[in-house]
1. Among residues belonging to segment 57-81 that are open to solvent by 50 Å² or more (accessible area, probe 1.4 Å) and not in a loop (DSSP other than H, G, I, E, B), point out the one that is farthest from residue 31 (Cα to Cα).
2. If we scan segment 203-218, do we find a residue that is among the small types (Gly, Ala, Ser) and either over 24 Å from residue 86 (Cβ atoms) or in contact with a helix residue (DSSP H, G or I) (Cβ under 6 Å, 6 or more places away or on another chain) (or both)?
3. Specify the residue that is nearest to residue 13 (Cα to Cα); the eligible residues are those in segment 179-220 that are touching an Asp or Glu at 6+ places or on another chain (Cβ under 6 Å) and open to solvent by less than 40 Å² (accessible area, probe 1.4 Å).
4. Go through segment 107-149 residue by residue and tally those that are aromatic (Phe, Trp, Tyr) and over 23 Å from residue 210 (Cβ atoms).
5. What number of residues within segment 107-144 are over 18 Å from residue 74 (Cβ atoms), open to solvent by less than 60 Å² (accessible area, probe 1.4 Å) and hydrophobic (A, V, I, L, M, F, W, C)?
6. Please verify whether residue 237 is of a type in the set (D, E, K, R) and surrounded by fewer than 15 Cβ atoms within 10 Å (Cβ to Cβ), treating the condition exactly as stated.
7. Any idea which residue in segment 1-56 is most open to solvent (accessible area, probe 1.4 Å), counting only those that are part of a helix (DSSP H, G or I), more than 17 Å from residue 190 (Cα to Cα) and of a type in the set (Lys, Arg)?
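The values are calculated or read from the model by the stated rules, or taken from the named source; none is laboratory data. Every value quoted in this text rests on a predicted model; they were computed, and no experiment measured them. Don't worry about glycine lacking a Cβ; one is built from the backbone with ideal geometry, like all the others, and counts go over all protein chains shown. Accessible surface is based on the protein model in full, side chains and every heavy atom, while ligands, DNA and RNA are left aside. Shrake-Rupley method; radii C 1.70, N 1.55, O 1.52, S 1.80 Å.
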Amino acid sequence: MTKLSVNINKIATLRNARGGDRPNVVQAAKDCERFGAQGITVHPRPDERHIRYRDVYDLKEIVTTEFNIEGNPTPDFIKLVKDVKPEQVTLVPDAPDAITSNAGWDTIRHKDFLAQTILELKEHGTRVSIFVDPDEGMVEGAALVETDRIELYTEAYAKNYHSSPQKAIAPYIKAAQKAQELGLGINAGHDLDLDNLKYLKNNLPGLDEVSIGHALICDALYLGLENTIQLYLRQLK
């Protein structure tokens, strides 16, 4: 079964909008796990507009499933990951002012930087995944920098899913097949929801894990967090 990691950034966004500690990010992570999530994902950014660095340290103390920290590997981010030692770190090339992640790594152009960063993080016992577009060349580049996994950036899939699921997923299938050939694990994330997740799961070979935040939290406003997590898990069976 493909694992579900719940991204709780939007919980922190809601908290920060009012100040104080409501909703409580740590309690939300505990509840997500209690309701069936197999991982917790956070994506701290330099301006701490949602998840704060302090949150990451606090969450490490209570997460009992897989803790996945996403982010641009700046010096501060690398220090955070080394301190916390999560089960997985996902390297994302987002600019400091990006609203959300909007592209995968150019694994050829950034080969030396990625190889050095990945080696450094692996030495601290953390599995490394890197965010890539569904491009076989970028997947080959990912293997060359010796990452453990790739996370396929699924915005294009989600955007085109309703017009043609087969066309939308075609490049992802090729990228996943290439990753399998090269011995890379496969994660996926971005704009996945209850409409498009089942088709992705059924057609993408070797899918280890999906990370879902925005859509899941939006659904939870209407359906409740426990019920929503169970609905997402059902799509992954």
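1. Checking each candidate, the answer is 75.
2. Yes, that holds for at least one residue.
3. Applying the first criterion (touching an Asp or Glu at 6+ places or on another chain (Cβ under 6 Å)) to segment 179-220 yields 185-187, 189-191, 215.
Filter once more, keeping what is open to solvent by less than 40 Å² (accessible area, probe 1.4 Å): 185-187, 189-190, 215.
On the way: 185: 30, 186: 28, 187: 24, 189: 19, 190: 17, 215: 14 Å.
The selected residue is 215.
4. 1
5. 5
6. Working: of a type in the set (D, E, K, R): yes; surrounded by fewer than 15 Cβ atoms within 10 Å (Cβ to Cβ): yes.
Here the answer is yes, as residue 237 does meet what is asked.
7. The residue in question is 18.
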